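See below for the structure under consideration.
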Amino acid sequence: MTASGAEPGSRLRLLHLAEGDDTSGYFPQLARFHDRSRYQMSFATLKPMAPWLRDFMQDQGVDCWSLGCRTRAAYGSGLARLALGLRRRRIDVLHTHLFDPSVVGLAAGTLARTPLRVLTRHHSDYHTRIGKRWHVRLDQLTTRLSHVVIAVSRHTAEHLIEREGAPRDKVRVVLNGIDFERVRVSRPDAPARLRAELAEGADHLLLIAARLHPEKGYETLLAALPLLRPRLARPVRLLIAGTGQLEASYRALAATLGCADSVRFLGFRRDLPDLIAAADLFVLPSLAEAFGLVLAEALYLGTPVVATRVGGIPEIVVHGVDGVLVPPNDSESLAQALAELLTDAPRRARLAGAGHDKVAARLGFETMVRRYEAIYAERLGHGAA
């Protein structure tokens, strides 16, 4: 018998627990790339599962179930159902993702005595930075309830250890991965077609793709536009690909700043690679960022990036080599960096060609999944207690 209780040579039962939907493609790719010879994967969600996500998972041969919690008031009963489900399905490895699913999931896994409990920490210092003390305590609780915490960047790992007191031997760094089959333009003429459609006569095209949330630095970016326009001889347009409850606020802010005519809100887009390839620069002025996967996607597609020197971003973007990094919450520095790159096409071309090979070598999604599975095997082989 192995430490999990599974018979030697039999497949281990692996459950990934998430929230309910997935606009990034992360969980479908876990289904695609997991080692089917070693793991029988299941997928569960804390909240009602998006129908398209269930359909995709089931097409991949993955057993799906949902706890159906529509509010946090339902988490207690959801926790009990999950603990029962873990026992009935005899899950060997519980791997939780995101904040709420990890709090509920790891508590349930502890009650069910699941042999190996793994947490991927997708956020870094956000709760500490904004002073959410109870969220920090729950982050610390999830660390205690897990056998392994996977940090998506060295910055996240350092925060876990140095600020939250996580045991160093419990924390592993596994950089997020990219499915390169998904991050490619749909057809050769797609970027030019989108540019003609969306630029509306603007010669310079900027793109940000991120949820409409304060930590993504939208206020800094919008405030930089009026500072940027006088430094350019030709017009500039900012495309915003993302959704969130603050869209009306950001539209009002753009109007107040006098730059609403330079901004287009695109909502959620499934053609993001085409949009990235169409842009002159990809911008991400985050105030906090555990990793910044979309920056790696932009580098892979050959679009230069301007981002902030926060969190895990410097682990992806090398300042002056494949992008430019500026201080967070600094509209003047952001405007200056954008102006310098937009008026220097040869420099943009040098930056554009520098990041592709690095991302291709280091950040493949299958490589990430194999590292996850190596951690499972190591911990189960030595016992997870």
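The values are calculated or read from the model by the stated rules, or taken from the named source; none is laboratory data. Since the model is a prediction, treat every value here as computed from it, not as a measurement. Here the Cβ positions follow ideal geometry from the backbone for every residue, glycine too, while neighbour counts run over all protein chains shown.
Observations on the structure shown:
- Single residue of the stretch 247-271 satisfying the filter (assigned to a helix (DSSP H, G or I) and either touching a strand residue (DSSP E or B) at 6+ places or on another chain (Cβ under 6 Å) or charged (D, E, K, R) (or both)) that is surrounded by the most Cβ atoms within 10 Å (Cβ to Cβ): Ala254
- Failed criterion for Pro230 (all others in (1) under 24 Å from Ala288 (Cβ atoms); (2) in a helix (DSSP H, G or I) hold): (1)
- Any hit, the stretch 100-112, residues being of a type outside the set (Asp, Glu), in contact (Cβ under 8 Å) with a residue 12 or more places away in the chain and closer than 30 Å to Asp271 by Cα: yes
- Looking at Thr143, Thr220, just one residue is modelled with pLDDT of 95 or more and either assigned by TED's automatic domain parsing to the domain that holds Ala290 or part of a loop (DSSP other than H, G, I, E, B) (or both), and that residue is Thr220.
- Among the residues here, Ala151 qualifies as small (Gly, Ala, Ser) and buried (at least 20 other Cβ atoms within 10 Å of the Cβ).
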